[in-house]
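Below is one structure, written out as structure tokens; the observations come after it.
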Amino acid sequence: MKIDKVLVVATETAYYSDDQAAIRAGARQDGFLYVGEPRTPGFDAIRQPGSAASILLVLSDGYVAHGDSAVVQYSGVAGREPMFRPEAIDAAVRGVEGELVGQDLSDFAGIMRWLEGPNLFPHSVARAAAYGLSQALLDACAHAQGVLMAHVVQDYLGRGDALRAVPVFTQSGDDRYGSVDRMVLKRADFLPHGLFNDVESKFGTQGELFLEYVSWLRDRVRTVAGAASYSPTFHFDIYGCAGDAFERDTARIVDFFAKVVEAAHPYALRIEHPLDAGDRGSQIREMAALRAALRDRGLPVEIVADEWCNTLDDINAFVEAGAADVIHVKTPDLGSIANSAVALAMVKAAGLVGYCGGTCNETERSAQVSAHVAMAADADEILAKPGMGVDEALMVVRNEMVRAVSLDRVLRPHEEIGAGL
């Protein structure tokens with residue numbers, strides 16, 4: 001089976017692109033918008049609708065394989081690619097169309113080596129183009145081989161165990177209060193993200209607003225869950241705010257996290273991007289020091305690497321330095337979807353927590369494909385995406401996983417798996 005035609009279609013994401021530099025510099029929020037001038041190249045406004053590009057591969061039997069290029073909500077900072085225009089993805093893919101048409105779909109590993117070759121795409125869109133095209137190629141290979149996308153990735157990683165649904169992390173956006181009830185009713189495994197991206201208005205100059213929210217969340221989860229046995233992990237993304245509030249003083253941050261542990265009890269606690277040191281080397285050193293200090297104090301806080309931990313090389317550096325308990329494998333930042341699978345396997349092999357994440361600023365298609373990658377790599381956590389609406393993102397990811405698990409029993413039976421529901 002071969003690729004006959006290639007199409008690139010301008011589409012949209014489920015959320016927005018935000019200028020993180022402007023927000024961290026104090027841009028005022030006005031309703032859903034931010035007031036002020038953008039600071040990051042590529043932005044026309046501090047918040048603007050997200051763009052995607054659907055890559056469609058028409059196969060020789062008429063099947064259409066599909067992948068979507070996207071970038072994270074906060075593009076152009078912390079070592080990430082700038083925001084793209086769909087026409088740039090179109091031009092990049094058109095540049096390799098001659099090599100795609102007629103491509104043999106029996107060798108996914110070989111195709112991925114070609115896709116990750118040097119200078120295949122313009123530098124400014126290399127990861128975004130590889131992200132979308134690799135999804136479409138994975139879909140095409142799975143169809144040609146008569147298996148699931150997760151099976152193709154399993155074969156790529158040398159794995160063969162039964163697929164399992166991965167625990168799901170839901171994010172609230174700024175609706176950090178109103179979204180919680182929905183998360184609890186639907187039994188999200190990790191919640192609520194929280195979007196604490198500003199010290200003055202959301203985190204507090206001494207963390208007081210964040211502490212108040214953690215206490216509220218603990219009580220609200222208990223109230224809504226009632227007597228049911230439900231114990232989610234509290235996973236907060238604080239966008240470096242603890243470092244900003246406490247001048248990146250490790251001892252002061254640890255003292256503050258001791259208060260957060262008390263406020264969150266009895267729920268397990270993960271804190272993503274506790275500080276931003278401004279470059280990869282400094283980020284690794286300060287995160288490693290923070291992790292060591294938390295262990296010395298016996299505080300049950302898992303810290304999550306996000307910013308400055310983008311590529312395979314970045315992730316390897318964080319893992320080798322022991323700079324986090326959890327590595328956020330941010331799928332659009334990795335380029336090809338195969339790199340995300342390799343990164344998750346690397347993190348798991350090191351005994352750390354593999355979080356198959358990404359961004360609210362993706363599409364339903366990239367979320368579906370990410371679910372297959374997470375299952376194939378046996379990730380510990382997956383982001384409910386796209387968007388910030390909780391229910392829709394949770395549905396997309398969970399439904400894709402339960403369908404795949406059921407099909408796995410039929411397409412690749414495992415003796416330990418029972419029959420049906």
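Numbers for the structure displayed
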{"item": "The stretch 109-145, subset of a type outside the set (A, V, I, L, M) and without any contact (Cβ under 8 Å) to a residue 24 or more places away in the chain, residue nearest to Asp161 (Cα to Cα)", "result": "Gly110"}
{"item": "Criterion: in contact (Cβ under 8 Å) with a residue 12 or more places away in the chain, surrounded by 24 or more Cβ atoms within 10 Å (Cβ to Cβ) and in contact with a Gly (Cβ under 8 Å, 6 or more places away or on another chain) - qualifying residue of Val347, Val390", "result": "Val347"}
{"item": "The one condition in (1) within 14 Å of Glu286 (Cα to Cα); (2) at pLDDT 95 or above; (3) in contact with an Asp or Glu (Cβ under 8 Å, 6 or more places away or on another chain) that Ala338 fails to fulfil", "result": "(1)"}
{"item": "Residues located in the stretch 1-26, provided they are open to solvent by less than 70 Å² (accessible area, probe 1.4 Å), among the charged types (D, E, K, R) and in a loop (DSSP other than H, G, I, E, B)", "result": "Asp19"}
{"item": "Check on Ala338, in a helix (DSSP H, G or I), touching a helix residue (DSSP H, G or I) at 6+ places or on another chain (Cβ under 9 Å) and within 28 Å of Arg295 (Cβ to Cβ)", "result": "no"}
{"item": "Candidate set: the stretch 37-52, residues that are without any contact (Cβ under 8 Å) to a residue 24 or more places away in the chain and within 20 Å of Asp276 (Cβ to Cβ); chosen: the one surrounded by the fewest Cβ atoms within 10 Å (Cβ to Cβ)", "result": "Arg39"}
{"item": "In the stretch 311-333, residue farthest from Arg248 (Cα to Cα) [restricted to those that are open to solvent by 10 Å² or more (accessible area, probe 1.4 Å) and not acidic (Asp, Glu)]", "result": "Leu312"}
{"item": "Which numbered condition Ile55 fails, given (1) in a strand (DSSP E or B); (2) modelled with pLDDT under 95; (3) open to solvent by less than 40 Å² (accessible area, probe 1.4 Å)", "result": "(2)"}
{"item": "Output for the stretch 104-124, where each listed residue is open to solvent by 10 Å² or more (accessible area, probe 1.4 Å) and either within 17 Å of Glu87 (Cα to Cα) or outside any helix (DSSP H, G or I) (or both)", "result": "Asp104, Ser106, Asp107, Glu116, Gly117, Pro118, Asn119, Leu120, Phe121, Pro122, His123, Ser124"}
{"item": "Leading residue by the ranking (nearest to the chain's Cα centre (by Cα)) among those in the stretch 344-365 that are of a type in the set (Ser, Thr, Tyr) and either assigned to a strand (DSSP E or B) or under 18 Å from Asp306 (Cβ atoms) (or both)", "result": "Thr359"}
{"item": "Hits in the stretch 94-138 (condition: modelled with pLDDT of 95 or more, of a type in the set (Gly, Ala, Ser) and in contact with a Gly (Cβ under 8 Å, 6 or more places away or on another chain))", "result": "Ala130, Gly132, Ser134, Ala136"}
{"item": "Pair list, Cβ under 7 Å, 6 or more apart: the stretch 156-177 residue farther than 14 Å from Ala188 by Cα, other residue open to solvent by 50 Å² or more (accessible area, probe 1.4 Å)", "result": "Ala162/Glu416; Ala162/Ile417"}
{"item": "Whichever residue in the stretch 265-310 is touching a residue at least 60 places away in the same chain (Cβ under 8 Å) and open to solvent by 10 Å² or more (accessible area, probe 1.4 Å) and, among such residues, is farthest from Trp216 (Cα to Cα)", "result": "Arg280"}
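The values are calculated or read from the model by the stated rules, or taken from the named source; none is laboratory data. None of the values given here were measured: they were computed from a predicted structure. Glycine also receives a Cβ, built like all others from the backbone with ideal geometry; neighbour counts cover every protein chain displayed. Just the protein is used for accessible areas: all its heavy atoms, side chains included, with ligands, DNA and RNA removed. Shrake-Rupley method; radii C 1.70, N 1.55, O 1.52, S 1.80 Å.
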